[in-house]
1. Do any trypsin sites (Lys or Arg not before Pro) in segment 139-196 lie in a DSSP loop with no more than 14 other beta carbon atoms within 10 Å, and if so, which?
2. If the viscosity is 1.002 mPa s and the temperature 20 °C, what translational diffusion coefficient in µm²/s does Stokes-Einstein give for segment 72-166 when Rh comes from Kirkwood over Cα pairs?
3. Over all pairs of distinct alpha carbons, what does the Kirkwood formula give as the hydrodynamic radius of the chain, in Å?
4. For the chain, what is the mean residue ellipticity at 222 nm derived from helices alone (per DSSP H run of n ≥ 4: -39500 (n - 2.57); sum divided by total residues; nearest 500 deg cm²/dmol)?
5. Would you list 169, 163 from fewest to most Cβ contacts within 10 Å?
6. What ranking, highest mean first, results for peptides 209-217, 45-53 when packing means the other Cβ atoms within 10 Å averaged over each residue?
7. Which one of 34, 200, 147 has its Cα pushed farthest toward the positive end of the charge dipole of the chain, where Lys and Arg give +1 and Asp and Glu give -1 at the Cβ?
8. Give me 39, 82 sorted ascending by neighbouring Cβ count inside 10 Å, so fewest comes first.
Amino acid sequence: MNGDLFADLEPGQGCEALGLDAFILRRFALPSEQLLWQDLQLVLARAPMRHMVTPGGFRMSVAMSNAGSLGWVSDKTGYRYDEIDPVSGLPWPAIPTSFMALAAQAAHHAGFKAFQPDACLINRYAPESKLSLHQDKNELDFTQPIVSVSLGLSATFLFGGALRTDKPLRTILQHGDVVVWGGASRLNYHGILPIKPGRHPLVGECRINLTFRHAGR
Ligand code: MD3
Ligand code: FE
């Protein structure tokens, strides 16, 4: 690991390389958990969580919402980014400054100097919810990384390769863990195994994941 890049991490906030251009900053979001949580409630008051439907007609077990000038949506016609929340008919709420600061700091630690997210997808996993192995390829610019922030219950993350058939690595993502996925791993398959029931003191009986993307031009 490049010592200089990570010199200002606090003790206990190690950085691990998960794969090529993929870095886990364990517990990196812990110091800002209260602010993140407050700001998340403000976003969700305007854009409530909802279960989207896949193009195949299945209701997703993960509930979702978005902040930013673009939001990820799925319906029977397909997956896409849209400026408008189809539930409210209004633009998605802005990405809170606390979210932006955390995402920029994390990207910077992983060597991405100018991360400009325009979309923050918010995923909520109740017990038994899962996200099957998939690629994220609706974004227009793959040179910018994706930053993910895990809150609440732990999850087993599957990190595969460029092909669906590549055997995935497994790692546990815990409350406060931040992962930065760049260049070489940007199009890797990945997923989340079914969440085990439990209770987190701040977040309650679920897992929440924030993923920051640059989706537009
Ligand atoms: C690796 N979310 O929203 S975040 C998703 O925990 C998604 O909710 C998972 O996959 C979650 O699309 C995983 C980590 C993540 C996000 C995007 C990636 C890992 C990635 C894109 C490429 C490679
Ligand atoms: Fe994904």
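1. Details: sites: 164, 170, 186; in loops: 164, 186.
In loop regions of segment 139-196 (DSSP not H, G, I, E or B), the sparsely surrounded trypsin sites (Lys or Arg not before Pro) are 164.
2. After rounding, the answer is 135 µm²/s.
3. Working: mean 1/r = 0.0575 Å⁻¹.
Computed over Cα pairs of the chain, the Kirkwood hydrodynamic radius comes out at 17.4 Å.
4. Numbers: 2 runs with 27 residues, N = 217.
-4000 deg cm²/dmol, from helical runs alone.
5. Going from least to most buried by this count: 163, 169.
6. 209-217, 45-53
7. Value computed over the given set: 200.
8. Values: 39 18, 82 15.
Result, fewest neighbours first: 82, 39.
All of the numbers you see were taken from the coordinates with simple rules; none came from a lab. All values reported here derive from a predicted model rather than from experimental measurement. Note that each Cβ is placed from the backbone with ideal geometry, even for glycine, and that neighbours are counted across all protein chains shown.
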